[in-house]
Amino acid sequence: MMELGKQYDPKTVEDKWNRYWMDNHYFRADETKNHPHFSIVIPPPNVTGSLHIGHAFNNTLQDILVRRKRMQGFNTLWQPGTDHAGIATQNVVERQLKAEGTDRETLGREEFVKRVWKWREESGGTIENQLKKLGASLDWDRNRFTMDDGLSRAVREVFVSLYEEGLIYKGDYIINWCPRCHTALSDLEVEFEESKGHLYHIKYSIKGSDEVLTIATTRPETLLGDTAVAVNPDDPRYSNIDGKSVILPILEREIPIIKDSYVDTEFGTGALKVTPAHDPNDFEIGRRHELPSINIMNPDGTMNENAGPYKGMDRYKCREELVEHLKEKGQLSHMEDLQHSVGKCYRCRTVIEPYVSKQWFVKTKTLADEAMKAVREGTTQIVPKFWENTYFEWMENIRDWCISRQIWWGHQIPAWNCSSCDHLTVSRETPGACGQCGNKNITQESDVLDTWFSSALWPFSTLGWPEQTESLKRYYPTSVLCTGFDILFFWVARMMMMGLKFMGQVPFTHVYIHALIRDAEGAKMSKTKGNVIDPLVMMDKYGTDALRFTLAAFAAQGRDIKLAEERISGYRNFCNKLWNASRFAFMNLEGYAGSTELETHEERNLADRWILSRLNETCKEVNQALDEFKFNEGASAIYKFIWNEFCDWYIELSKSVLMSDGPNKPVTQNVLVHVLETGLRLLHPFMPFITEEIWQKLPVQGDTLMRADFPQYMDEKRYVEAETQMAEVQSAITGIRNIRGEMNINPGKMLKVLIKTHDQKSKDLLERYAPYIKDLARVEDLTVGPDLTKPEVAASCVLQGMEIYIPLEGLMDFSDEKKRIEKELKKIEKDIIFINKKLSNEDFVKKAPPEVIEKDQLRLDTLSDKQAKLQLNLKTVEEALA
């Protein structure tokens, strides 16, 4: 057994054990082992990424689950990997090319893709190294990438299979188009932001009359593509409008007035301009009424030849010019300011355009039905349960999934167009000729698949599918998916659909949805606000274990985390507390020849029995919490046990025994080392580094703590009587300490204490354990009995089953103490008046966030309690002076 250094040095310890774990392959899964399996797939971070606080949070929670299951003897796999992140990665490399004075068009597709692979080899491993620093016990020997050969084969197999079943098709459809990235975006890749704009009220003349229809729009430039005006068939204002048409402003094209129940009679005049090529709702109206679809824009957001005099203009310049022309012609009724929601590309923040083009789609309805059924029947459980409603709502309203992207980096769609007969050959292998006419002049589709298409196959493609590998048989379906709610639809729902379709089983039995991490005030973290907490900086500053424990301690289900650096600093103190307690234990194990196994002793004292019982109960609480994904409750239970019960109580209670040479010393040494070692095993999933460092220096068997048994609750280790008795002793000690603090009695002064008990049983108990009370409360003279009366000049407190009296004569200068209390009371009164004034201000209460009001109310309650206690103490001091 070795001694620990005076101070815990996280960096040295973390580097040492990370190397040790990796060198010995302790994270490795073994599909040949016939133990029950526990498997998790990592939500693959983008290959462009760097570890942010969300990654740190999500992967800490996964690692806690995995490390515990590994210690419980499960055949554990935590599957690592990264996502090729099509648009994001292409943008990174395009920026590099721009800085070099060139672009991808100049380079050509083949050379550009080579350049992206080169970038990936040089820079793509950043986040993997950062995850290792976090202590993530992923099986790095199985690391996968969504563009590697095996996963690419899986992608082709799924695409071709769905195509052959008629579930993938190509067709004209209105999609979300990014004019900057030059690609289609799925509905989920469009992020909406509130923006200031205008609502333009434009007059359309009804042909053959002096009447006009006034129509409101936020995008007046799109009127150039109008092919109808629609009204609701039930709107009495337009009962006589059948067969009529209007003249389109500016272009003066005649377009029909149609009737469609989609039109909202309450909005504006109840007349709607219909632009099938540039609005998804208008697209559907156009389909129902067989309207022509006129595209007025180029892919880069400039106006095309269908825009007439505005050809070549940027879309916003066109808007500006067109509005001026409408004013000149008297066709703009009026315009009003409007705050509205605008869709933007999730990557480059460019405002998207609804755009009709040829795209590839997956028919999702039947796939979604099966995925909903699995959750409704409980085959997959979503935790917290309330997220199931959100999942169902989205799945019930699902649209066909646009899977094609007009970029070069990604899985190129395995379809080839024939220049001779226009046949489309879709194939698992690259064909040499057209599948219909045999012509060799065939060209592969230039589009690539949506990044989320390959990610949707992640739980089974990473295990070797479409090959029926041992890993696939052993670890699928996976046990848990741990992820944020922001990708519940992007990823989770799609994995459910694909897993059920191609494996016949759900991809995971549980989905744990964690909340978001916000700043200390509850605001979303962003670089522009300057409120981002960098996990890499925090790990360097406070140690990885402190960061990990902080994230777990605040991971309450369904509640966003308000994270501040001070909280991480606070849990560094927890590391130091554990380190110092362990140093104390090591220094007091001199002459101890046993192990960490608990020996059989009939003569354990109350403190020994109590701490063993509390340890056992803590095992129960931690296991139950982690079984239910209540990470914060598990962290709280182990924190309370180690800091409060083990360090603050047991070690202090045991000092007199450990520093003596009495017969009970070996018994207490055995309990001390057993509780410390078991506590380290219990804490290890949360704080792997410090626990491994301390554990390795104990008299233990085994090569690593991460393969030791995880502690379990046992009925025979529960000592209810010891817990009840110790609670009474602790109550007496705490009562004495509180009086000392409230009366400002010097901590070094030995006290005379009287404890009036309510019955003989309590008297016997407190007398029997008087040495504990004297040692921990610094008492030199203790009298206990049911017939005691309060001395004339004494401070007191009333507790359950007892009253404590401390005579004050000789302990203080009563005149000075009176002045101190009066001064403190004045300050408290001033603070109470100030807070009451705030809380009685209706304007403040109406505008302030609920948490601010709650904080003020709590402060007011605390001050009021303190005021009441000080007033009692003042009365006692005044009686002494009298």
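Take PRO249 and decide whether it is touching an Asp or Glu at 6+ places or on another chain (Cβ under 6 Å) and surrounded by 17 or more Cβ atoms within 10 Å (Cβ to Cβ).
No: the conditions fail for PRO249.
Tell me, which residue of region 851-882 that is part of a helix (DSSP H, G or I) and among the small types (Gly, Ala, Ser) is farthest from PRO807 (Cα to Cα)?
By that ranking, first place goes to SER864.
Being open to solvent by less than 60 Å² (accessible area, probe 1.4 Å) and charged (D, E, K, R) narrows it down to one residue among GLU767, GLU817; which is it?
Answer to the selection: GLU817.
Restricting to region 416-449, and then to whatever is within 16 Å of ARG153 (Cα to Cα) and surrounded by 20 or more Cβ atoms within 10 Å (Cβ to Cβ), can you tell me which residue is farthest from the chain's Cα centre (by Cα)?
Looking at residues that are within 16 Å of ARG153 (Cα to Cα) and surrounded by 20 or more Cβ atoms within 10 Å (Cβ to Cβ), I get VAL448.
Go over the candidates ASP242, ASP235, ASP264, ASP260 one by one and state the one that is under 52 Å from the mean Cα position of the chain (by Cα), open to solvent by 20 Å² or more (accessible area, probe 1.4 Å) and either farther than 14 Å from LEU213 by Cα or not basic (Lys, Arg) (or both).
Going through ASP242, ASP235, ASP264, ASP260 in turn, just one is under 52 Å from the mean Cα position of the chain (by Cα), open to solvent by 20 Å² or more (accessible area, probe 1.4 Å) and either farther than 14 Å from LEU213 by Cα or not basic (Lys, Arg) (or both): ASP264.
Scanning region 1-59 for residues that are hydrophobic (A, V, I, L, M, F, W, C), surrounded by 20 or more Cβ atoms within 10 Å (Cβ to Cβ) and at pLDDT below 90, which turns out nearest to ARG70 (Cα to Cα)?
Step by step, filter region 1-59, then rank; the result is LEU51.
What is the number of the single condition among (1) more than 20 Å from TRP452 (Cα to Cα); (2) open to solvent by less than 20 Å² (accessible area, probe 1.4 Å); (3) part of a strand (DSSP E or B) that VAL375 does not meet?
(3)
Please enumerate the residues belonging to region 324-346 that are closer than 30 Å to GLU388 by Cβ and open to solvent by 30 Å² or more (accessible area, probe 1.4 Å).
SER341, LYS344, TYR346
Anything in region 216-229 that is at pLDDT 95 or above and of a type in the set (A, V, I, L, M, F, W, C)? List them, or say none.
LEU223, LEU224, ALA228, VAL229
Please determine whether any residue of region 514-526 is buried (at least 18 other Cβ atoms within 10 Å of the Cβ) and closer than 15 Å to ALA371 by Cβ.
no
Could we say that GLU128 is open to solvent by 10 Å² or more (accessible area, probe 1.4 Å), touching a Ser or Thr at 6+ places or on another chain (Cβ under 9 Å) and without any contact (Cβ under 8 Å) to a residue 60 or more places away in the chain here?
Considered against the rule, which asks whether it is open to solvent by 10 Å² or more (accessible area, probe 1.4 Å), touching a Ser or Thr at 6+ places or on another chain (Cβ under 9 Å) and without any contact (Cβ under 8 Å) to a residue 60 or more places away in the chain, GLU128 comes out as yes.
Taking PHE641 as meeting all but one of (1) assigned to a helix (DSSP H, G or I); (2) more than 39 Å from the chain's Cα centre (by Cα), write down the number of the exception.
The number of the failed condition is (2).
Can you find, within region 273-295, the residue that is surrounded by the fewest Cβ atoms within 10 Å (Cβ to Cβ) among those that are in contact (Cβ under 8 Å) with a residue 24 or more places away in the chain and in contact with a Pro (Cβ under 6 Å, 6 or more places away or on another chain)?
Residue satisfying both the conditions and the ranking: PRO280.
Hey, does region 190-203 have a residue that's over 44 Å from the mean Cα position of the chain (by Cα), among the acidic types (Asp, Glu) and over 23 Å from SER454 (Cα atoms)?
No, because not a single residue in region 190-203 is over 44 Å from the mean Cα position of the chain (by Cα), among the acidic types (Asp, Glu) and over 23 Å from SER454 (Cα atoms).
Under 6 Å by Cβ, and 6 or more places apart or on different chains, what pairs join a residue from region 772-801 that is closer than 15 Å to ASP759 by Cβ with one that is open to solvent by less than 80 Å² (accessible area, probe 1.4 Å) and assigned to a strand (DSSP E or B)?
Filtered contacts from region 772-801: VAL784/ILE755; PRO786/THR757; LEU788/LEU754; LEU788/LYS756.
Can you spot a residue in region 620-637 that is part of a loop (DSSP other than H, G, I, E, B) and open to solvent by 40 Å² or more (accessible area, probe 1.4 Å)?
yes
Quick test for you: out of LEU536, LEU578, LEU589, pick the one residue that is buried (at least 19 other Cβ atoms within 10 Å of the Cβ) and part of a helix (DSSP H, G or I).
LEU578
May I ask you to verify whether ALA307 is more than 16 Å from LYS203 (Cα to Cα), touching a residue at least 24 places away in the same chain (Cβ under 8 Å), small (Gly, Ala, Ser) and assigned to a loop (DSSP other than H, G, I, E, B)?
When the stated conditions are applied, ALA307 does not pass them.
Results for (1) open to solvent by less than 40 Å² (accessible area, probe 1.4 Å); (2) touching a residue at least 24 places away in the same chain (Cβ under 8 Å); (3) touching a helix residue (DSSP H, G or I) at 6+ places or on another chain (Cβ under 8 Å); (4) closer than 17 Å to LEU578 by Cα, shown as yes or no for each residue.
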position: TRP610; (1), (2), (3), (4): yes, yes, yes, no
position: SER613; (1), (2), (3), (4): yes, yes, yes, no
position: GLU645; (1), (2), (3), (4): yes, yes, yes, yes
position: TRP649; (1), (2), (3), (4): yes, yes, yes, yes
position: LEU658; (1), (2), (3), (4): yes, yes, yes, no
position: ASN664; (1), (2), (3), (4): no, yes, yes, no
position: VAL671; (1), (2), (3), (4): yes, yes, yes, yes
position: GLU677; (1), (2), (3), (4): yes, yes, yes, yes
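Looking at (1) touching a strand residue (DSSP E or B) at 6+ places or on another chain (Cβ under 8 Å); (2) under 30 Å from MET147 (Cβ atoms); (3) without any contact (Cβ under 8 Å) to a residue 12 or more places away in the chain, find the lone condition where LYS524 falls short.
For LYS524, the failing item is (2).
What is the number of the single condition among (1) surrounded by 13 or more Cβ atoms within 10 Å (Cβ to Cβ); (2) among the β-branched types (Val, Ile, Thr); (3) under 48 Å from the mean Cα position of the chain (by Cα) that THR862 does not meet?
Result: THR862 passes all but (1).
Here is a list: PRO384, PRO459, PRO466. Which entry is closer than 30 Å to LYS33 by Cα and under 30 Å from the mean Cα position of the chain (by Cα)?
None of the other options fit; the residue is PRO459.
Filter region 305-322 down to the residues that are surrounded by 17 or more Cβ atoms within 10 Å (Cβ to Cβ) and within 47 Å of the chain's Cα centre (by Cα), then identify the one that is farthest from VAL229 (Cα to Cα).
MET313
Any residue in region 348-376 that's at positive phi: show its pairings with residues that are open to solvent by 30 Å² or more (accessible area, probe 1.4 Å) and among the hydroxyl-bearing types (Ser, Thr, Tyr) at Cβ separation under 9 Å, as long as the two are six or more apart or on different chains.
Note: no pairs meet the criteria.
Tell me, yes or no, whether region 154-170 has at least one residue that is closer than 30 Å to MET335 by Cα, surrounded by 15 or more Cβ atoms within 10 Å (Cβ to Cβ), at pLDDT below 95 and touching a strand residue (DSSP E or B) at 6+ places or on another chain (Cβ under 8 Å).
No - not one qualifying residue is present in region 154-170.
How many residues, within region 254-277, are of a type in the set (A, V, I, L, M, F, W, C) and assigned to a strand (DSSP E or B)?
The qualifying residues number 6.
So GLU370 fits all but one of (1) touching a Leu at 6+ places or on another chain (Cβ under 6 Å); (2) open to solvent by 30 Å² or more (accessible area, probe 1.4 Å); (3) within 23 Å of ALA85 (Cβ to Cβ); what number is the exception?
All conditions pass for GLU370, except number (3).
If I go through region 322-333 residue by residue, how many of them are in contact (Cβ under 8 Å) with a residue 12 or more places away in the chain and either on the phi > 0 side of the Ramachandran plot or in a helix (DSSP H, G or I) (or both)?
5
The values are calculated or read from the model by the stated rules, or taken from the named source; none is laboratory data. Given the structure is predicted, the values throughout are model-derived calculations rather than measurements. Ideal geometry is used to build each Cβ from the backbone, glycine not excepted, and the neighbour counts take in all protein chains shown. Side chains are part of the model used for accessible areas, which takes the heavy atoms of the whole protein and leaves out ligands, DNA and RNA. Shrake-Rupley method; radii C 1.70, N 1.55, O 1.52, S 1.80 Å.
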